[in-house]
Ligand SMILES: Nc1ncnc2c1ncn2[C@@H]1O[C@H](COP(=O)(O)OP(=O)(O)OP(=O)(O)O)[C@@H](O)[C@H]1O
Ligand SMILES: CC(C)(CO)[C@@H](O)C(=O)[O-]
Ligand code: BAL
């Protein structure tokens, strides 16, 4: 497994593989890998000759009061997991390598970032779109795999790839969960045992609303009210949003008439946790 720290090294590596006729699958991450990340590597592995993992905690997607400085890291463990998963190159740049002192170009989308996480994280998706554009140009993959846990991020990337004519196939990987249903996330590491017990409220709220929709409840205000009081019955929780929206445009809906995205973000202690599911008739 090659470890490449500069953009030039990564680009040279990818160009050489391409000259040999090899295809490249790519999984971008911010490190502190867990089974959710490994599942994305497992999706990418059989699709290509080479498998590239990037680890970069991208400062431009964090707001001023977010957890950039506290973001967990364990590079040695990440490299061990990557090697076990058959990664052939890890791109591990530092901040100065990605954003020089005169850096001034950003990628923004008009609509998708207005919804869901974009409301409380107004600069987030601009930062994600910018860094993913840079990573795509550096790694030059044929296929890239993103998790459905970050459903809005996946929608943003798909839109950006379409709008900017990247010749890269985007694949969404299913959400990997702990046995009690909590979606795996690097930010689960911030939870105290009591907060960890409360964190199950997100996946349980999703299951509760799925059940209500199956029972015929269609009114979004009714569904949201029930989810709110359910989540607030757990200690240490503060709701950022609970929304039902169109799965492609992310526009809010009033009633569940067709397949609908249920998305939620809940602050549990220091961790802002997200989860989602598609619910309703398909
Ligand atoms: N539980 C999961 N199941 C599937 N994919 C996941 C899961 N958690 C993260 N991913 C995906 O892994 C990729 C890298 O995400 P990232 O490194 O930010 O990890 P994370 O665990 O989501 O961290 P965070 O705590 O920042 O949300 C993204 O495409 C993300 O959607
Ligand atoms: C896609 C990504 C690696 C860009 O920094 C990040 O947003 C993430 O880990 O989901
Ligand atoms: N997994 C998304 C990265 C972030 O929350 O910044």
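Rule-based calculations on the coordinates, nothing more; no lab input. Remember, it's a predicted structure, so these values are computed and weren't measured experimentally. We place every Cβ from the backbone using ideal geometry, glycine too, and count neighbours over all the protein chains shown.
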Exercise. Please figure out what share of the DSSP beta bridges in the chain is antiparallel and state it in percent, rounded to the nearest 5.
Key: 50 percent
Quiz item: If you build a Gaussian network model of the chain, linking Cα atoms that sit under 10 Å apart, which residue out of 102, 94, 222 swings the most?
Solution: 102
Quiz item: With each pseudo-label sitting 7 Å past Cα toward Cβ, what's the residue 119-residue 11 distance in nm, one decimal?
Solution: 4.1 nm
Quiz item: Using Cα pairs under 8 angstrom and six or more residues apart, how large is the relative contact order of the chain, in percent?
Solution: 17 percent
Quiz item: Counting pairs of alpha carbon atoms under 8 Å apart in space and at least six apart in sequence, what relative contact order in percent does the stretch 1-117 give?
Solution: 35 percent
Quiz item: What is the fewest-to-most order of 130, 12 by other Cβ atoms lying within 10 Å of their Cβ?
Solution: 12, 130
Quiz item: How much mean residue ellipticity at 222 nm does the chain get from its helices, if each DSSP H run of length 4 or more adds -39500 (n - 2.57) and you divide by all residues, to the nearest 500 deg cm²/dmol?
Solution: -11000 deg cm²/dmol
Self-check item: Diffusion constant of the stretch 217-282 at 10 °C, which comes from Stokes-Einstein with the Kirkwood Cα-pair radius and 1.306 mPa s, µm²/s
Solution: 129 µm²/s
Practice problem: Sort 55, 175 so that the residue with the fewest other Cβ atoms within 10 Å of its own Cβ comes first and the one with the most comes last. | Solution: 175, 55
Quiz item: Once fully extended, how much extra length lies between residue 22 and residue 214, figured as 0.36 nm per residue of separation less the alpha-carbon to alpha-carbon distance?
Solution: 64.4 nm
Quiz item: FRET efficiency for residue 259 and residue 66, Cβ-Cβ distance as r, R0 = 25 Å, nearest 0.05?
Solution: 0.20
Quiz item: Build a GNM of the chain with springs between Cα atoms under 10 Å: which of 165, 67, 254 gets the top mean-square fluctuation?
Solution: 165
Exercise. List the extent of the Cα atoms of the stretch 125-246 along each of their three principal axes, largest first, rounded to whole Å.
Key: 47, 36, 25
Quiz item: Over the stretch 186-276, what is the relative contact order in whole percent, taking alpha-carbon pairs under 8 Å and six or more residues apart?
Solution: 33 percent
Quiz item: Given springs between every Cα pair under 10 Å in a Gaussian network model of the chain, which of 49, 110, 214 has the largest fluctuation?
Solution: 110
Exercise. Going by C-beta contacts inside 10 Å, put 170, 274 in order with the fewest on the left.
Key: 170, 274
Quiz item: Expressed as a whole number of Å, what is the distance separating the alpha-carbon centroids of the stretch 1-62 and the stretch 128-169?
Solution: 13 Å
Exercise. Compute the distance in nm between two label points, each set 7 Å from the Cα along the Cα-to-Cβ direction, one at residue 169 and one at residue 95.
Key: 3.7 nm
Self-check item: Label-to-label distance, nm, for residues given as residue 251 and residue 177 (7 Å Cα→Cβ offset)
Solution: 3.1 nm
Practice problem: Would you please report the Å³ per residue occupied by the convex hull of the alpha carbon atoms in the stretch 2-173? | Solution: 114 Å³
Self-check item: Spatial separation of Cα centroids for the stretch 66-92 and the stretch 230-255, in angstrom
Solution: 31 Å
